[in-house]
Amino acid sequence: MAVTIKDVAKLANVAPSTVSRVIANNTRISEKTKRRVREAMEELGYHPNLNARSLANSSTKTLGLVMPSSAEKAFQNPFFPEVLRGISTKAHEEKYALLISTGVTEKEIYEAVVGMVQGRRVDGIVMLYSREDDQIIDYLLEVNFPFTVIGKPFQNEEQITYIDNDNYKAGKEATNYLLGLGHERIGFIGGDISFMFTNDRLLGYKKALQQKGISLSSRYIVHEELTEKEMKKEIVYLMSLEDCPTALVVADDFVALKVLYILAELDISVPKAVSVISFNNLLLAEVSTPSLTSVDINIYKLGYEAADCLLKQLATSSKERKKITVEHQIIKRHSTDVR
C-alpha cells in the first residue's frame, strides 16, 4: 500500500496540512518541525505525487543543476563554467533561471536534490555528470521528475535523455593519433573510473592498442582521483621505468596541466621525451607550456543541448527519451611530436 501524507503526519505527530507545507518549504514552518517531518518521510520512503495537478499546473521557471561535487570544488575545473555557459544561454532564451545544488558530501548533494524536487523549487534538473550507481538518477526516475544528463548513463539508458560525446571513439582516436606519430609505449592517466567518460576513454585507449597488436601494460595506466602529491608519485614511477612511456593519453585537460607541471619539475621535456594528448580543449590548453594537443568535445554545446532537451520535455510533457551525440575533433598543438 502506498504511503500517504496522513502516514507521514501520524509518524511526525503533526497535521497533514503541516506535511504539505513542509513539502512546499513554507517559511512559516519551523526548522525543527521541517526536520521531524522530513525524517518521517525518509523513514517511510514517502515521495509526493509529482504528477498531481497542483504541481503540474505550476511552474517555477527555474532549472536545477547538479554538480559532481561541491560547487566550490567543481568550479576549480574550467569544464564546468563552460558547460554552464551553454546551459545558461538556452535557459536565458526561454526566460528560465538556474539553481545549483549545494552540498559537500554525496549525501548532502542528494538531500539538496530531494529538497529541490519535493520543495517544488525547480521544474526540471540537468545532471552535469554521469557515474556508476548514482542514487540521484535513481531517485529522479523513481519519482518521474523531468531531467537530462550530460554523459552516458551507467544504467537505464533507454529511460533517460542524455547528451554526450562518443568518448570511446574519442579515446581510441587520441591513442591512434599517438600511434601514428610512431609511439608504442603509451600510458593512460585518468580520474575517477566511476565517471562514465573516463571509463569510455580508457576502453577506447585499450582498443586502439589491441588493434595495433600492442600488449597492454597495467603499469602504464593510472585511473583514480589523486592528490597532487599522489599524482607526482605516479608520474615519477611511470617515468622511472626502464621501458617508460613515450606518450601519455590524459583524460582531462585540467589533469594534463598538472602532468605538464610535474614533468617540468622532473626536467622531462614535452614533447621531446614524452608526448601528451588530452581532452576538452579548454582555453588553458592553448596557453599552457607547451600548448596541449587536445580533443575538442564542444563543452558549450553539451550544456546548450542538455538545457534544450529538458525545456522541450517541460513544454510538451513528452515521454520520449533521446540520445544526442556531440561531435569531437583533435586540435593539434605542441605537446605531441613524432617518436
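Observations, loosely collected:
- Radius of gyration and Dmax over the Cα atoms of the chain, both given in Å: 23.1, 74
- Electrostatic bookkeeping for Lys332 treats Lys and Arg as +1 and Asp and Glu as -1; over the other residues with beta carbon under 15 Å from its beta carbon, the sum is -4.
- From helices alone, the chain scores -13500 deg cm²/dmol at 222 nm; the rule is -39500 (n - 2.57) for each run of n ≥ 4 DSSP H residues, then divide by the residue total.
- Tilt relative to the chain, helix 299-316 - C-alpha long axis, 0 to 90 degrees, to 10: 30
- Rotationally averaged projected area of region 219-305 (alpha carbon convex hull; nm²): 6.0
- The chain: relative contact order as a whole-number percent, Cα under 8 Å and 6+ apart: 18
- When the charge dipole of the chain is built from unit charges on Cβ atoms (+1 for Lys and Arg, -1 for Asp and Glu) and taken about the Cα centre, the candidate among Gln135, Gly119, Pro16 whose Cα reaches farthest toward its positive end is Pro16.
- Highest-MSF residue in the chain out of Val117, Val326, Val236 [GNM, Cα springs under 10 Å]: Val236
- Taking a straight line from the alpha carbon of Lys233, these lysines sit under 24 Å away, with near neighbours fewer than eight places off in the same chain left out: Lys73, Lys206, Lys258, Lys272.
- Only lysines eight or more places from Lys95 in sequence, or on another chain, were considered; those with a Cα closer than 22 Å are Lys61, Lys301, Lys312.
- Percent of beta bridges antiparallel (DSSP, the chain, rounded to nearest 5): 10
- What the pair-distance distribution of region 126-264 shows, using all Cα-Cα distances binned every 5 Å from zero, is 2, 9, 19, 19, 17, 13, 9, 7, 4, 2, 0, 0 percent.
- Residues whose placed amide H lies under 5 Å from that of Thr60, excluding near-sequence neighbours: Asp123
- Probe 1.4 Å, accessible area per residue of the chain, Å²: 50
- Other residues within the sphere of radius under 13 Å centred on the Cβ of Leu263, judged by their own Cβ, net out at 0 (K and R +1, D and E -1).
- Listed by chain and number, the lysines whose C-alpha is less than 21 Å from the C-alpha of Lys32, apart from same-chain residues fewer than 8 away, are Lys6, Lys10, Lys107.
- Of the accessible area of the chain, computed with a 1.4 Å probe over protein heavy atoms only, carbon and sulfur atoms account for 49 percent.
- Cα convex hull of region 68-149, projected area averaged across orientations, nm²: 5.4
The values are calculated or read from the model by the stated rules, or taken from the named source; none is laboratory data. Remember, predicted model here, so these are calculated numbers, not experimental data. All Cβ positions, even for glycine, are placed from backbone atoms using ideal geometry, and neighbour counts span all protein chains on display. Remember, those area values only see protein heavy atoms, side chains included, never the ligands or the DNA or RNA. Shrake-Rupley method; radii C 1.70, N 1.55, O 1.52, S 1.80 Å.
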